[in-house]
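Right, one structure below, let's go through it.
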Amino acid sequence: MATQSLQDKIDAHGDLWSMLYDGPVHRFEFPVKPEFSNWIDEQIAWRTSVIFQNMSHHMTDVFLRGPDVIRLLSDLGINSFAGFGPMQAKQYVVCNYDGQFIGDAVLFCEEENAVSIVGKPMAANWVRYHAEKGDYDVEFEPIDRPSPNLTDRKRFRFQVQGPKADELFAELNVGALPDIPFFKMGRFKIGPHEVVALNHRMSGFPGYEFWGPSEVGAEVRDLILEAGKKYDLTQIGGRTYPVTAAVSGWVGSILPAIFTGDKMRAYREWLPAASAEGRQAIGGSLATGNVEDFYRTPYDLGYGFMIKFDHDFIGREALEAMPPEQKRKKVRLIWDQEDVVDIYASGFSGGDRYKKIELPVGNYTVAPCDRVLLGEEDIGVSYYPAYSETDRACISLASIRADLAIEGQELTLIWGEPKGGSGKPTVERHVQKTVRVIVDPKPIKRH
C-alpha cells in the first residue's frame with residue numbers, strides 16, 4: 001500500500017483551513033525529563049552559573065556528502081556560501097518560490113564536501129527533495145529521528161553555557177581552550193574524548209554546543225555533571241527548552257509555506273502525510289480563513305541580513321522585488337502584567353473565561369499567530385508567549401511593521417481565538433482578551 005502523501009491528506013480533507021485550524025494537534029514533547037529541579041531555577045541558572053542542555057534527542061540530523069553539496073545548498077538557501085568550508089557553521093534558511101519561509105537549520109561543515117543539517121526537519125526535507133529530484137551528486141545518510149534513546153542516534157549533542165562555562169570547560173579540557181570566534185567551530189577535549197564545538201552563545205553568555213559519537217555520549221555527560229558540581233551546574237529540562245528559544249530571539253513556531261500553490265504541489269506529493277509538515281496545526285486570533293496569512297518571509301523573522309543576492313536561489317526573484325513597506329521587523333513584546341493577571345483571574349471567577357496561558361510556555365498549537373494592533377489597525381503578528389524569569393513577565397516574539405519597532409512603543413494584541421475557540425481539542429471554551437504590550441526592538445539579548 002502506497003504511503004499517503006501530504007497532498008493526499010489535503011485532498012481527502014477538502015478544507016485546508018479547517019484541517020490546520022480545527023484539526024487535532026500533535027503535541028511535540030521534548031524527549032528529555034521535563035524538569036531536573038524546577039523550571040524557574042533552571043531559567044535562572046542560564047544567567048547566573050552554568051547549564052547543561054542535552055540536545056541529543058529532539059533535532060533532525062541529516063548528513064550530506066558529495067561534490068555537489070555546496071551547490072545544492074546554495075541553490076536553495078538565501079545565504080551566501082562564498083568562503084564557506086571546513087570547520088565552519090552557518091544558520092541556513094530556505095524559502096518557497098514566492099520567497100516565503102519554509103524552514104531554518106544550522107549547517108555544520110567538518111570536512112570538504114560534507115555538511116550536516118541540524119534542527120527542525122523542514123529545511124532538511126526541502127533539501128533532500130531537491131537532491132533526489134535534481135541533478136546533484138550528493139549522498140544522504142539516514143536522518144536521525146527524535147528519540148529518547150541515544151543508541152538510536154549517530155551523535156550526542158550537548159550544550160553548556162553560562163557565566164561559569166569557560167572555567168568548567170578549561171577544567172575538563174585540562175588546559176587552555178582554543179579560540180573559537182562567534183559561530184565558528186573548533187575542537188577540544190572532555191576528559192579523554194575529543195568533541196567538535198560551535199560557539200553560538202545562544203544565551204548571550206560563554207559556552208558551546210558540542211557533539212561526538214553517540215557511543216561515548218553517556219560518559220561525556222557524566223564527566224560534565226561531576227566536574228560541574230563545583231560550578232553550580234544545573235541541568236535544564238524539556239519545559240525550559242522552548243523558553244530559551246524565545247528569550248534568545250529564535251522563532252521556531254512558523255507554518256512552512258508549502259500548503260498552497262501549484263509550484264509546491266509536487267513537493268506536497270513527495271512529503272508523507274505523517275511527516276512533521278503533515279502534522280502541522282495553526283491557531284490564535286489571526287483567524288482569517290486563509291492559510292497563507294500564516295506564511296512569513298525571512299524579513300519577518302529577523303533573517304533579512306542573511307539574504308544575499310550574489311547567487312540564484314529559489315525565492316530570490318520575489319525577495320528581490322519585495323517593497324520596503326512589506327518587510328516586517330522581528331521584535332520582543334513585553335505583556336502588561338495586569339492584563340496577564342486578569343487572564344489567570346478569569347479562571348477563578350464566575351464570569352467569562354479567557355484563554356489559559358500555560359506556564360512557562362503558552363503554546364497550544366504548532367504554529368500560533370495572534371493579531372497585533374495599533375489602535376484598530378492590524379500591524380503584525382505575535383507568536384506564542386513564554387514566561388521569562390529574567391524579565392519577570394510574559395514575553396513573545398513578534399513580526400510588526402518596521403516603523404513601529406521602537407523602544408517603548410505601546411501596542412495591543414488579541415489573545416485567544418474568536419467565536420469561543422476553534423475545534424482543536426487543546427483549546428478550551430473562552431473569550432478573547434485584549435492585552436497591552438510594549439515593544440522591545442532587540443529580541444536577541446547579548447550579555
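Please state which one of ILE307, ILE343 is among the β-branched types (Val, Ile, Thr) and closer than 20 Å to PRO443 by Cα.
Of ILE307, ILE343, the one residue that is among the β-branched types (Val, Ile, Thr) and closer than 20 Å to PRO443 by Cα is ILE307.
Can you find, within segment 321-357, the residue that is most open to solvent (accessible area, probe 1.4 Å) among those that are under 19 Å from GLN432 (Cβ atoms) and of a type in the set (Asp, Glu)?
The extreme case among them is GLU338.
Test of understanding: among THR297, THR288, which residue is modelled with pLDDT of 95 or more, part of a loop (DSSP other than H, G, I, E, B) and surrounded by fewer than 22 Cβ atoms within 10 Å (Cβ to Cβ)? Write out each step before concluding.
Values: THR297 fails: surrounded by fewer than 22 Cβ atoms within 10 Å (Cβ to Cβ).
Going through THR297, THR288 in turn, the sole match is THR288.
What are the pairs, 6+ residues apart or on separate chains, where a residue within segment 297-309 that is closer than 13 Å to ILE102 by Cα has its Cβ under 7 Å from a residue that is assigned to a loop (DSSP other than H, G, I, E, B) and among the small types (Gly, Ala, Ser)?
Listed by first residue and then by second, the contacts come to THR297/GLY99.
Give the residue, chosen from ALA131, ALA123, ALA114, that is open to solvent by less than 20 Å² (accessible area, probe 1.4 Å) and in contact with a Lys or Arg (Cβ under 8 Å, 6 or more places away or on another chain).
That would be ALA114, the only listed residue that is open to solvent by less than 20 Å² (accessible area, probe 1.4 Å) and in contact with a Lys or Arg (Cβ under 8 Å, 6 or more places away or on another chain).
Tally time: how many residues in segment 141-191 are open to solvent by less than 70 Å² (accessible area, probe 1.4 Å) and assigned to a helix (DSSP H, G or I)?
The number of residues fulfilling the criteria is 8.
Could you tell me whether any residue of segment 196-213 is of a type outside the set (Asp, Glu), surrounded by 15 or more Cβ atoms within 10 Å (Cβ to Cβ) and assigned to a helix (DSSP H, G or I)?
For segment 196-213, residues of a type outside the set (Asp, Glu), surrounded by 15 or more Cβ atoms within 10 Å (Cβ to Cβ) and assigned to a helix (DSSP H, G or I): absent.
For residues in segment 358-388 being of a type in the set (Asp, Glu) and more than 20 Å from the chain's Cα centre (by Cα), which is surrounded by the most Cβ atoms within 10 Å (Cβ to Cβ)?
Here the residue is ASP378.
Please go through segment 177-191 and give me each residue that is within 23 Å of ARG153 (Cβ to Cβ) and out of contact with any helix residue (DSSP H, G or I) (no Cβ under 9 Å at 6 or more places or on another chain), ordered by number.
Hits for segment 177-191 are MET185, GLY186, ARG187.
Can you pull out every residue in segment 405-433 that is surrounded by 16 or more Cβ atoms within 10 Å (Cβ to Cβ) and either assigned to a strand (DSSP E or B) or of a type in the set (Lys, Arg) (or both)?
Answer for segment 405-433, where residues must be surrounded by 16 or more Cβ atoms within 10 Å (Cβ to Cβ) and either assigned to a strand (DSSP E or B) or of a type in the set (Lys, Arg) (or both): LEU411, THR412, LEU413, ILE414, TRP415, LYS424, VAL431, LYS433.
Return a yes/no flag: does segment 71-81 have any residue that is touching a Lys or Arg at 6+ places or on another chain (Cβ under 9 Å) and open to solvent by 10 Å² or more (accessible area, probe 1.4 Å).
Within segment 71-81, one or more residues are touching a Lys or Arg at 6+ places or on another chain (Cβ under 9 Å) and open to solvent by 10 Å² or more (accessible area, probe 1.4 Å).
With ASP104, ASP41, ASP98 as the choices, which residue is closer than 25 Å to MET322 by Cβ and either open to solvent by 20 Å² or more (accessible area, probe 1.4 Å) or part of a loop (DSSP other than H, G, I, E, B) (or both)?
ASP98
Filter segment 309-331 down to residues that are among the basic types (Lys, Arg) and within 22 Å of the chain's Cα centre (by Cα) and give me whichever is farthest from VAL372 (Cα to Cα).
So the residue we want is LYS327.
Can you say whether ALA281 is open to solvent by 10 Å² or more (accessible area, probe 1.4 Å) and on the phi < 0 side of the Ramachandran plot, as far as the supplied structure shows?
Judged against the criteria, ALA281 is not a match.
(1) closer than 28 Å to TRP46 by Cβ; (2) under 25 Å from the mean Cα position of the chain (by Cα): which one isn't true of VAL427, the others all being true?
Unmet condition: (1).
Taking GLU269 as meeting all but one of (1) surrounded by fewer than 20 Cβ atoms within 10 Å (Cβ to Cβ); (2) within 15 Å of the chain's Cα centre (by Cα); (3) in a helix (DSSP H, G or I), write down the number of the exception.
Tallying (1) surrounded by fewer than 20 Cβ atoms within 10 Å (Cβ to Cβ); (2) within 15 Å of the chain's Cα centre (by Cα); (3) in a helix (DSSP H, G or I), GLU269 fails exactly one: (2).
State yes or no: is ALA245 part of a helix (DSSP H, G or I), of a type in the set (A, V, I, L, M) and either surrounded by 15 or more Cβ atoms within 10 Å (Cβ to Cβ) or within 22 Å of the chain's Cα centre (by Cα) (or both)?
Values: part of a helix (DSSP H, G or I): yes; of a type in the set (A, V, I, L, M): yes; either surrounded by 15 or more Cβ atoms within 10 Å (Cβ to Cβ) or within 22 Å of the chain's Cα centre (by Cα) (or both): yes.
In short, yes.
Does any residue in segment 262-282 that is touching a residue at least 60 places away in the same chain (Cβ under 8 Å) come within less than 7 Å, Cβ to Cβ, of a residue that is in a helix (DSSP H, G or I) and surrounded by fewer than 16 Cβ atoms within 10 Å (Cβ to Cβ) six or more places away or on a different chain, and which pairs are these?
Here the result reads TYR267/TYR129; TRP270/TYR129, each pair linking segment 262-282 to a residue that is in a helix (DSSP H, G or I) and surrounded by fewer than 16 Cβ atoms within 10 Å (Cβ to Cβ).
The values are calculated or read from the model by the stated rules, or taken from the named source; none is laboratory data. Here the structure is a predicted model, which is why all the values come from computation and not from measurement. So basically every Cβ, Gly included, is an ideal-geometry build from the backbone, and we count neighbours across all protein chains shown. Please note that ligands, DNA and RNA were not included when accessible areas were found on the heavy atoms of the full protein model with its side chains. Shrake-Rupley method; radii C 1.70, N 1.55, O 1.52, S 1.80 Å.
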